[in-house]
Amino acid sequence: MFMPVGTQATVKFLSPEDLYEAGAGVVLANTYHLWLQPGEEIVHQAGGVQKFMNYHGPMLTDSGGFQVFSLADARKINEDGVTFKNPRNGDTLFLSPEKSIQIQNKIGADIIMSFDECIPYPATYEYAKASMERTLRWAQRGKDAHANPDTQALFGIVQGGDYEDLRLYCAEKLTEMDFPGYAIGGTSVGEDKETMLRMVGWSANALPEDKPRYLMGVGAVNDLLESISLNIDMFDCVLPTRLARHGTLLTSQGRINIKKAVYKDDFSPLDPECDCYCCRNYTKAYLNHLFRAEEGFGTRLLSIHNVRFLLHLMEEARTAIKEDRYATFKQETLSKMKFDYRGF
């Protein structure tokens, strides 16, 4: 399954009704951003994140760790947690495993994430090992602090950089903690595709088969399809709406940029194999016009399409798995979309 990202309790340019029509299940919200604005207490007073944003479906919040660690030189890490500057006003803030879980308990999503350290790539073995061990300690602290285990599923996160023994050890120890689901972090941070898929494979194969395995922050079509082959169940990424804002579309024949002049008088549907609202009702020529005229409706239509495209791709993948033809489906899809098929 692919999960659209609603960073600030909204998927950019899409209404909840758009998400229902696209076939979305779980939608993400971002702990870090909602903590800073409007604050977890406001979301809690509204009745939780679903009522706050009027989305009547399951939701997931990340821990805020990735956003904090992406601040690089603006934060300091120790065993207790992370101290950093609020980018909005310069105030000093502190986020710990306990604080992250407390914020997520207030926000009220159905699935919440352990607070972990997302290390840069490359990293030395010594740094990756120390960070992974601290992530395990933080996972246990977060689990101990979790106030709503009956209504919010807390996932542990596998770290360990590009070192097989560290990822296997991390997965083993998290499994012993008996989380209801597990995520794989620390990928898509600058490494090449082969390295990413090795990290994913090591991690996934060491996790329980009877619990969800979630690869965080991955949304490119080839990465999704290859990772499914490595036994990944869940994905999220801002990619579909981010691409849409730049006029780039995911189609059954590969990516296209609707701003190109070749589409100015192209009155065919965007993607004849897509059943989304955009493809059913509008032509490439009209979408080209909207982007050239800088009309926001164009971004909205492209966002609807890209989100539906990935959700539909996952529907097709699930069907192929049930019919025991996933390897063929993957190869044919990647070939049609002009990706090199390497048989990972």
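Between their Cα atoms, which of Lys193/Lys264; Lys12/Lys51; Lys193/Lys330; Lys85/Lys193 are more than 23 Å away from each other?
Details: Lys193/Lys264 35 Å; Lys12/Lys51 18 Å; Lys193/Lys330 17 Å; Lys85/Lys193 33 Å.
With Cα atoms farther than 23 Å apart: Lys193/Lys264; Lys85/Lys193.
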With every protein chain in place, the range 145-240: carbon and sulfur % of accessible area (1.4 Å)
47
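If Lys and Arg each add +1 and Asp and Glu each add -1, what is the summed charge of the other residues whose beta carbon sits under 11 Å from the beta carbon of Gly186? Provide the component values of the computation, followed by the final result.
Numbers: positive: Arg167; negative: Asp116, Glu117, Asp162, Glu191.
That works out to -3.
Taking R0 as 22 Å, what FRET efficiency do you get between Lys76 and Arg137 from their Cβ-Cβ distance, rounded to the nearest 0.05? Write down the numbers at each step before the final one.
Numbers: r = 18 Å, r/R0 = 0.80.
Approximately 0.80, to the nearest 0.05.
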Measuring with a 1.4 Å probe in the full set of protein chains, what accessible area per residue, in whole Å², belongs to the range 42-130?
47
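Sort 120-129, 22-31 by packing, meaning the average of other beta carbons within 10 Å per residue, with the highest value first. List each step's numbers first, then the result.
Values: 120-129: 14.8, 22-31: 22.1.
The densest-packed peptide leads the list: 22-31, 120-129.
Report, please, the projected area of the range 1-50 averaged over directions, based on the convex hull of its C-alpha atoms, in nm².
3.6
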Relative contact order, percent, the range 1-77 [alpha-carbon distance under 8 Å, six or more residues apart]
33
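With every protein chain kept in the model, how would you rank Arg318, Arg308, Arg88, Arg245 by accessible area, 1.4 Å probe, largest at the top? Mind showing how you got there, number by number?
Numbers: Arg318 110, Arg308 20, Arg88 130, Arg245 90 Å².
Ranking Arg318, Arg308, Arg88, Arg245 by accessible area, largest first, yields Arg88, Arg318, Arg245, Arg308.
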Please compute one quarter of the surface area of the Cα convex hull for the range 1-115 and express it in square nanometres.
7.3
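So, for the range 160-232, what is the accessible surface per residue at a probe of 1.4 Å, expressed in square angstrom?
Numbers: 2570 Å² over 73 residues.
I get 35 Å² per residue for the range 160-232.
Please work out the ratio of the alpha-carbon Rg of the range 73-134 to 2.2 N^0.38 Å and round it to two decimals. Intermediate values should be presented prior to the final figure.
Numbers: Rg = 13.6 Å, N = 62, 2.2 N^0.38 = 10.6 Å.
Its radius of gyration relative to the 2.2 N^0.38 Å reference: 1.29.
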All-pairs Cα distance distribution in the range 287-336, expressed in whole percent, bin size 10 Å
24, 33, 22, 18, 4
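In a shell of Cβ-Cβ distance under 14 Å around Lys129, excluding Lys129 itself, what net charge do Lys and Arg (+1) and Asp and Glu (-1) give?
Values: positive: Arg134, Arg137, Arg167, Lys173; negative: Glu117, Glu126, Glu133, Asp162, Glu164, Asp165.
Local net charge: -2.
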Simple spin-label estimate for Thr328/Ala147, 7 Å along Cα→Cβ, in nm, reads 5.4
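Tell me, what is a quarter of the convex hull surface for the C-alpha atoms of the chain, in nm² with one decimal?
17.6
Rounded to two decimals, what is the ratio between the C-alpha radius of gyration of the range 249-323 and 2.2 N^0.38 Å? Present the calculation step by step, with values, prior to reporting the outcome.
Numbers: Rg = 13.1 Å, N = 75, 2.2 N^0.38 = 11.3 Å.
Working it through for the range 249-323, the quotient is 1.16.
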Within the set of other residues whose C-beta is less than 11 Å from the C-beta of Gly254, count the net charge using Lys and Arg as +1 and Asp and Glu as -1.
+2
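Sorting check: for 140-152, 228-240, 319-331, 99-111, which peptide has the highest mean count of neighbouring beta carbons within 10 Å, and how do the rest follow? Mind showing how you got there, number by number?
Numbers: 140-152: 15.2, 228-240: 20.1, 319-331: 13.5, 99-111: 23.1.
Put in order of decreasing packing, that is 99-111, 228-240, 140-152, 319-331.
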Simple label model, 7 Å out from Cα along Cβ direction - Thr319 to Tyr20, nm
2.4
With a 1.4 Å probe and every protein chain kept in, tell me what percent of the accessible surface of the range 55-134 is carbon plus sulfur.
54
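Highest first, please rank the peptides 252-258, 218-224 by the mean number of other Cβ atoms sitting within 10 Å of their residues. Please report the intermediate quantities before stating the final value.
Numbers: 252-258: 15.6, 218-224: 20.4.
Descending mean neighbour count gives 218-224, 252-258.
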Rg in Å to one decimal, and Dmax rounded to a whole Å, for the range 115-232 via C-alpha atoms:
13.6, 39
Any idea how far apart Gln8 and Phe94 come out in nm if each label point goes 7 Å out from Cα toward Cβ?
2.8
Per the 1/(1 + (r/R0)^6) rule, R0 = 35 Å and r from the Cβ atoms of Asp210 and Lys260, FRET efficiency to 0.05 is 0.15
How much area per residue is accessible in the range 276-344 when the probe is 1.4 Å and only protein heavy atoms are counted (Å²)?
52
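Return the calculated 222 nm mean residue ellipticity for the chain, to the nearest 500 deg cm²/dmol, obtained by summing -39500 (n - 2.57) across DSSP H runs with n ≥ 4 and dividing by the residue count.
Numbers: 15 runs with 156 residues, N = 344.
So the helix-based figure for the chain works out to -13500 deg cm²/dmol.
The values are calculated or read from the model by the stated rules, or taken from the named source; none is laboratory data. These numbers were taken from a predicted model, which means no experiment stands behind them. All Cβ positions, glycine included, derive from the backbone under ideal geometry; neighbour counts span all protein chains shown. Only protein heavy atoms, including side chains, enter the accessible area calculation; ligands, DNA and RNA are left aside. Shrake-Rupley method; radii C 1.70, N 1.55, O 1.52, S 1.80 Å.
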